[in-house]
Amino acid sequence: LEGGWSDAQRQALGQAVIDTLEEYAPDLEKNILHCQVLTPWDLEETFGLTGGNIFQGELALQQLFFMRPVPGWAGYRTPIRNLFLCGSGTHPGGGVSGAPGRLAALTILGRRRE
């Protein structure tokens, strides 16, 4: 929603999620101490994630593998000496926890041997 969500809209969305989950986990709601609904708008405003995208870009074919984060920078290296990239914006993306950091570290360690 342009300009954010109202508290009522947030509460309604949170309740809809809880109601759906309760179909599979009875009594879930009475065990919840706090509920905070973060919308894509909140993620952009609070954390600077464009469009609320937690993966730092679409996980679409034109933004994967050797094209992630941009053509020419896919190997965790940048044109700036000793500046390396890792995180959701690098291959294989944010859906694989820890993998981008590990791959960047291996790249850096391999470079030390060069």
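The values are calculated or read from the model by the stated rules, or taken from the named source; none is laboratory data. Quick caveat: nothing in here was measured; it's all calculated off a predicted structure. A quick note on method: Cβ atoms are made from the backbone with ideal geometry, for glycine too, and the neighbour counts reach across all protein chains shown.
In the set THR50, THR46, only one residue is hydroxyl-bearing (Ser, Thr, Tyr) and at pLDDT 85 or above; that residue is THR46. Exactly one residue out of ALA99, ALA16 is of a type in the set (A, V, I, L, M, F, W, C) and exposed (fewer than 12 other Cβ atoms within 10 Å of the Cβ): that is ALA16. A count restricted to region 33-80 and to residues that are of a type outside the set (Val, Ile, Thr) and not in a loop (DSSP other than H, G, I, E, B) stands at 16. Among the residues that make up region 88-95, is at least one of them loosely packed, with under 12 Cβ neighbours inside 10 Å and assigned to a loop (DSSP other than H, G, I, E, B)? Checking region 88-95: at least one residue is loosely packed, with under 12 Cβ neighbours inside 10 Å and assigned to a loop (DSSP other than H, G, I, E, B).
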